[in-house]
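Notes to accompany the following structure.
The values are calculated or read from the model by the stated rules, or taken from the named source; none is laboratory data. Here the structure is a predicted model, which is why all the values come from computation and not from measurement. Note that we place each Cβ from the backbone using ideal geometry, even for glycine, and neighbour counts take in every protein chain shown.
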């Protein structure tokens, strides 16, 4: 099982490196870049939703903190990209520590609502605190990342950066999952009280997981800001949250491959449905309902069941 | 200054009455049935939009419109419970949350496609001439809306406390197996409770959109604020939801009026964060949330 998943990951990674070398279409590259971004983001959410088993609807808080931090760090403080990105991850992780500390003692439904509330508070702050965030006009014209003399401008350059970040992030998640911490988190997910009774502290395990997830989301946010060159308050909004959720769910929560598949699927689907732009989101909603009813373990879960049956 | 504060308070009580009504609907669904219903705001929104359609576009009588909207949305709620909630009842609570998120997204965007995004006011038979109570400005529409809301709340209270159906509901949500054992049709109770909650949200929507405007995108915030009201009051507490709703309305109005309207929505979120940290059982309950 684990060997199979590792092979799948390596296979995807190899394909991800090789395939774009043959692509010249800028638009297609854009889609792949977004897929990398979403793969990282969805993997970070998967840590909380899939492995810890808590539905956090406030994950955009960390995405947004990361995006704004990185943007402001390069624009206002003149920091180089790599420093800004690490700062973004750090700030997001601190955000995760604070929010996690305050919320992880709450029961399922309450946790859902209070995490959502935090994200909404941040959105309102970003929208109104014009002095810091430029309000609804956001931070625009974000400079492209530069590594010494190398400035990233082409789609391919951004793609390989995104791929590297996603790969590192997912490697981190894999390391976590196969560590004692990851196993403890799954134990908490399956039965909090039993886990507690064998000496696992659900709160501490939850908090560490949450902080890690926040860090990764912050890094993703930094990448997003520098690629799109614009960050606005809507990054804290429910739109991103819904996309993330669908990716984790459709791909298969609690698996390593799931978020990647979900990210690919949803990014491509968003494009395919662009022709039906108006009803795109309606279809998303319908898809989400359908997934929950019919395929709650997502694509990865489907693959697992097929493998077991065959 | 004092007159301004009084006006804000009265305005806040008006909006608060609708937060309370919508919150009561969610108390039934979330507080008692334990369904995390993120589409609640959309039920409110559909109430408003349908109200506009029947009264504004079709031109039906205002009072008849209210009755039709409530009945139609009640039926819709029953269907949602049947089709979406019931199949997931055995799964964990968060699966249902995800499903209702999907429903919410679907409803908002379908309505946007069908009705466009322009805010619409529901035409009422009330004159818009203001009524002055000392320094405070009101009008007939607002008074009527609050009155109906109060009647609805009181009726719901009577239903739960004094009727056979109400007893069946309370029994089911206290201990489902036992209720089934004594012959209560549990599935029917679930359906009716959800329908009732939906109808209350829709009533709140159609009333409030007679005063302000109806718009497909109001749902998200209303969902959240309804959750705030339920949590603030204490899950399952009727009185709590009423007080919570009024409190939220007044607090928002005062904050928005004296400080900054942009930050008005912040009040609810701050409330819910504080309540869950300091007194998770809400203002009116005595049990606690978790380890």
Task: All positions within region A:275-306 that are away from chain B (no Cβ under 14 Å) and closer than 23 Å to residue A:16 by Cβ - done: A:299, A:300, A:302, A:303, A:304
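Give region A:252-272 a look and list any residue that's in a helix (DSSP H, G or I), in contact (Cβ under 8 Å) with a residue 60 or more places away in the chain and over 20 Å from residue A:13 (Cβ atoms), or say none. Outline the logic, then answer.
Applying the first criterion (in a helix (DSSP H, G or I)) to region A:252-272 yields A:257-272.
If we keep only those that are in contact (Cβ under 8 Å) with a residue 60 or more places away in the chain too, we end up with A:257-260, A:262-264, A:266-268, A:271.
Correct list: A:271 only.
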Task: Which numbered condition residue A:75 fails, given (1) touching a strand residue (DSSP E or B) at 6+ places or on another chain (Cβ under 9 Å); (2) under 17 Å from residue A:96 (Cα atoms); (3) surrounded by fewer than 24 Cβ atoms within 10 Å (Cβ to Cβ) - done: (2)
Task: So residue B:20, is it buried (at least 24 other Cβ atoms within 10 Å of the Cβ) and within 14 Å of another protein chain (Cβ to nearest Cβ) - done: no
- [ ] Would you check if residue A:124 is within 12 Å of another protein chain (Cβ to nearest Cβ), part of a helix (DSSP H, G or I) and under 22 Å from residue A:254 (Cα atoms)?
- [x] no
Task: Selection status of residue A:92, under 14 Å from residue A:221 (Cβ atoms), modelled with pLDDT under 95 and away from chain B (no Cβ under 14 Å) - done: no
TODO: Select from region B:217-241 the residues that are assigned to a helix (DSSP H, G or I) and surrounded by fewer than 24 Cβ atoms within 10 Å (Cβ to Cβ) and write down the one among them that is modelled with the lowest pLDDT.
DONE: B:238
- [ ] Check residue A:245 against each of (1) touching a residue at least 60 places away in the same chain (Cβ under 8 Å); (2) within 14 Å of chain B (Cβ to nearest Cβ); (3) surrounded by fewer than 24 Cβ atoms within 10 Å (Cβ to Cβ) and name the one condition it does not meet.
- [x] (3)
TODO: Output the number of residues of region B:191-215 satisfying the condition of being surrounded by fewer than 24 Cβ atoms within 10 Å (Cβ to Cβ) and in a helix (DSSP H, G or I).
DONE: 5
Open item on the list: Looking for something surrounded by 17 or more Cβ atoms within 10 Å (Cβ to Cβ) and not in a helix (DSSP H, G or I) - is there at least one such residue anywhere in region A:145-158?
Closed with: yes
- [ ] Mind counting the residues in region A:265-280 that are surrounded by fewer than 21 Cβ atoms within 10 Å (Cβ to Cβ) and within 21 Å of the chain's Cα centre (by Cα)?
- [x] 5
Task: Condition met for residue A:11 (assigned to a helix (DSSP H, G or I) and touching a residue at least 60 places away in the same chain (Cβ under 8 Å)) - done: no
- [ ] Could you tell me whether any residue of region B:141-150 is more than 14 Å from chain A (Cβ to nearest Cβ), exposed (fewer than 14 other Cβ atoms within 10 Å of the Cβ) and in a helix (DSSP H, G or I)?
- [x] yes
Task: Single unsatisfied condition, residue A:56 versus (1) surrounded by fewer than 21 Cβ atoms within 10 Å (Cβ to Cβ); (2) modelled with pLDDT of 90 or more - done: (1)
Task: Residue tally, condition surrounded by 24 or more Cβ atoms within 10 Å (Cβ to Cβ) and out of contact with any strand residue (DSSP E or B) (no Cβ under 7 Å at 6 or more places or on another chain), over region A:215-242 - done: 13
Task: Of the criteria (1) closer than 19 Å to residue A:258 by Cα; (2) surrounded by 24 or more Cβ atoms within 10 Å (Cβ to Cβ); (3) at pLDDT below 95, which one residue A:69 fails - done: (1)
